[in-house]
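Chemist: I have a structure here, written as structure tokens, and I will follow up with some questions on it.
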Amino acid sequence: MCGIVGSISHSNVVPELLDGLSNIEYRGYDSAGISVQTEGGISTVKQTGKLQALRDLLSQQLISGHAGIGHTRWATHGEPNTRNAHPHTNDHVAVVHNGIIENHHELRQWLSAEGFIFQSQTDTEVIPHLISYYYSRCNDPDQALNQALERLQGPLP
Ligand code: GLU
């Protein structure tokens, strides 16, 4: 279980997210990533290895936004690679998560049958798809989040 940071600001949050991840590097991790909200949607950059590898990638893939989240991962479900690094996203939702979703297998099967395409081997990826599933029915982000959380089983951190 590693680290999560988030920021909302009048200025670009990318440097702050990277500084935040840097402050929790001591916990250990196998990969790191950030997502920011942009006018066009969600931009995500993630990379295996040290935070410097993510910084190097971000110097080539410039992203910026006024709200964002970041994560350092310690893999429990799915090998430590870039695809499995967090955040996990779909068109409308980006999620970082520490811990384990115990019922991820049955949720993945059900969401796949509902038409969601999974990009990773992680337990975490069920979360953004669950939120989107409920959002498409209630059109209310808070309600969709709460309904999604009710479906998740696992130990509290
Ligand atoms: N279970 C998640 C994964 O394997 C979260 C790992 C973590 O806590 O960093 O991606």
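Chemist: Given Cα pairs under 8 Å that are at least 6 residues apart, what percent is the relative contact order of region 1-133?
Modeler: Over region 1-133, the number comes to 26 percent.
Chemist: Relative to the longest principal Cα axis of the chain, at what angle does helix 141-151 sit, 0 to 90 degrees, rounded to 10?
Modeler: It is inclined by approximately 70 degrees.
Chemist: Turning to a different aspect of this structure: For helix 14-23, report the angle its Cα long axis makes with the longest principal axis of the Cα atoms of the chain; keep it between 0 and 90° and round to the nearest 10°.
Modeler: 90 degrees
Chemist: Does region 107-157 come out rounded, prolate or oblate, given a ≥ b ≥ c as the square roots of the eigenvalues of its C-alpha gyration tensor, rounded meaning a/c under 1.5 and, failing that, prolate meaning a/b above b/c?
Modeler: Cα axes put region 107-157 in the oblate bin.
Chemist: Can you give the accessible area of I42, probe radius 1.4 Å, in Å² rounded to 10?
Modeler: 60 Å²
Chemist: Next up: Quick one: if you take sqrt(5λ) for each eigenvalue of the C-alpha gyration tensor of region 69-148, what semi-axes come out, biggest first, whole angstrom?
Modeler: So the three semi-axes of region 69-148 are 21, 14, 11 Å.
Chemist: Please report the carbon-and-sulfur percent of the accessible area for the chain; probe 1.4 Å, protein heavy atoms only, DNA, RNA and ligands left out.
Modeler: About 49 percent, which is the carbon plus sulfur part of the accessible surface.
Chemist: Helix 104-113 sits at what angle to the longest principal axis of the chain, using alpha carbons and giving 0 to 90 degrees rounded to 10?
Modeler: That helix lies at roughly 70 degrees to the long axis.
Chemist: State in Å² the accessible area per residue of region 1-116; use a 1.4 Å probe, count heavy atoms of protein chains only, and round to the nearest integer.
Modeler: Per-residue accessible area for region 1-116 comes out at 52 Å².
Chemist: Also, quick follow-up: Extension gain D140-S59, at 0.36 nm per residue separation less the Cα-Cα distance, in nm?
Modeler: The span from D140 to S59 would gain 25.6 nm if fully extended.
Chemist: Residues of region 47-89 with amide nitrogen under 20 Å from the 7 Å Cα-to-Cβ point of E114?
Modeler: From region 47-89, the list is 88-89.
Chemist: For the chain, which longest stretch is free of loop sites, where a loop site is one of the GluC sites (Glu not before Pro) that DSSP puts outside H, G, I, E and B and that has at most 16 other Cβ atoms within 10 Å?
Modeler: Answer - 40-101.
Chemist: Using a cut-off of 11 Å between beta-carbons, work out the net charge of the residues near L18 (Lys and Arg +1, Asp and Glu -1, L18 not included).
Modeler: -2
Chemist: How fast does the chain diffuse by Stokes-Einstein, in µm²/s, taking the Kirkwood radius from C-alpha pairs at 10 °C and 1.306 mPa s?
Modeler: Stokes-Einstein gives a translational diffusion coefficient of 100 µm²/s.
Chemist: Can you compute 3J(HN,Hα) from phi for each residue in region 53-68, using the Karplus curve 6.51 cos²θ - 1.76 cosθ + 1.60 with θ = phi - 60°, rounded to whole Hz and x for Gly and Pro?
Modeler: These are the phi-based 3J(HN,Hα) values: 5, 5, 4, 4, 5, 5, 6, 9, 9, 6, 10, 7, x, 9, 9, x Hz.
The values are calculated or read from the model by the stated rules, or taken from the named source; none is laboratory data. For clarity, every value in this text was computed on a predicted model and none was experimentally measured. Ideal geometry is used to build each Cβ from the backbone, glycine not excepted, and the neighbour counts take in all protein chains shown. Note: accessible area is taken over every heavy atom of the protein model, side chains too, but ligands, DNA and RNA are not part of it. Shrake-Rupley method; radii C 1.70, N 1.55, O 1.52, S 1.80 Å.
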